[in-house]
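Asks: Just dropping this structure here.
The values are calculated or read from the model by the stated rules, or taken from the named source; none is laboratory data. Keep in mind that this is a model prediction, so the values were computed, not measured. As a convention, Cβ positions derive from the backbone with ideal geometry for all residues, glycine included, and neighbour counts pool all protein chains shown. These accessible areas exclude ligands, DNA and RNA; they are computed on the full protein's heavy atoms, side chains included. Shrake-Rupley method; radii C 1.70, N 1.55, O 1.52, S 1.80 Å.
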Amino acid sequence: MNDDGEYGGSCFCGAVRFTVTGQPEAMGYCHCESCRHWSAGPANAFTLWKPDALRITQGAEKVLTYNKTARSYRKSCKTCGGHLFTEHPGWKLVDIYAAVIPELSFKPAVHVNYQETVLPIKDGLPKFKDVPKEMGGSGETIPE
Ligand SMILES: [Zn+2]
Ligand SMILES: [Zn+2]
């Protein structure tokens, strides 16, 4: 991080590089089937930002976009297949995977879509059945 609160990140091979500026709107873990299937992992560590916080500084032409639904535009690197971020136009937020911004200290505050979990985690953080009310969900939480 530099003095402007700017964090650098990249894809797995480094062909695509970007910066994010400021602080995320939210950080946590998503347990939904889509995140798990796309990432091939048991949960997705997310950081949500306003889209203008993100600037691609190198390799913008190498960014591949795939959208299975209109809610999520998933971005990866054409060269290495490494995941970068997911745009959520309906929320006007972009999820930048915590794993691709090593300079940012990841401080998860919440679990979402926990009803779909395959990796129960006892960390004392709130576990939303789907997503919070302000994100269009039920706002219901599930006990650990
Ligand atoms: Zn790459
Ligand atoms: Zn998800």
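Asks: Measure up LYS50/LYS107; LYS50/LYS122; LYS92/LYS122; LYS92/LYS133 against 21 Å on the Cα-Cα distance and list the ones that go over.
Replies: Details: LYS50/LYS107 18 Å; LYS50/LYS122 29 Å; LYS92/LYS122 30 Å; LYS92/LYS133 16 Å.
Too far apart for the 21 Å limit: LYS50/LYS122; LYS92/LYS122.
Asks: Residue by residue, what Karplus-based ³J(HN,Hα) values in Hz, rounded to whole numbers, does segment 88-95 have, using 6.51, -1.76 and 1.60 with θ = phi - 60° and x for Gly and Pro?
Replies: 10, x, x, 9, 6, 9, 10, 8
Asks: What is the mean projected area of the alpha carbon convex hull for segment 81-127, to one decimal in square nanometres?
Replies: Projected area, direction-averaged: 4.8 nm².
Asks: While we're looking at this one, here's another question. Please get the size of the charge dipole for the chain, origin at its Cα centre, with Cβ charges of +1 on Lys and Arg and -1 on Asp and Glu, quoted in debye to the nearest 20. Mind dumping the intermediate values first?
Replies: Values: 16 positive and 16 negative charges, 89 e Å.
The calculation lands at about 420 debye.
Asks: For segment 2-69, what is the accessible area per residue in Å², given a 1.4 Å probe and the full set of protein chains?
Replies: Working: 3680 Å² over 68 residues.
The answer is 54 Å² per residue.
Asks: For n ≥ 4 DSSP H runs only, could you compute -39500 (n - 2.57) per run for the chain, divide by its residues and tell me the 222 nm figure to the nearest 500?
Replies: Numbers: 1 runs with 7 residues, N = 144.
Calculated from helices alone, the mean residue ellipticity at 222 nm is -1000 deg cm²/dmol.
Asks: Right, something else. Sort all Cα-Cα distances of the chain into consecutive 5 angstrom bins from zero, then give the percent of pairs in each bin up to the one containing the longest distance.
Replies: P(r) over the chain, rounded to whole percents: 2, 10, 19, 23, 21, 14, 8, 3, 0.
Asks: Then there's this: In whole angstrom, note down how far apart the Cα centers of segment 28-83 and segment 107-144 are.
Replies: 20 Å
Asks: Quick one: putting +1 on the C-beta of Lys and Arg, -1 on the C-beta of Asp and Glu, what dipole do you get for segment 103-144 around its Cα centre, in Debye to the nearest 20?
Replies: Details: 5 positive and 7 negative charges, 18 e Å.
Around 80 debye, computed over segment 103-144.
Asks: Which listed residue (CYS30, GLY139, ASN67) has the Cα farthest towards the positive end of the charge dipole for the chain, taking +1 on Lys and Arg C-beta and -1 on Asp and Glu C-beta about the Cα centre?
Replies: Working it through, the farthest residue towards the positive pole turns out to be ASN67.
Asks: Grab the Cα-Cα distance for THR57 and CYS13, subtract it from 0.36 nm times how many residues apart they are, and report the gain in nm with one decimal. Working shown, then result.
Replies: Working: separation 44, 0.36 × 44 = 15.84 nm, distance 1.47 nm.
Difference between extended and current length: 14.4 nm.
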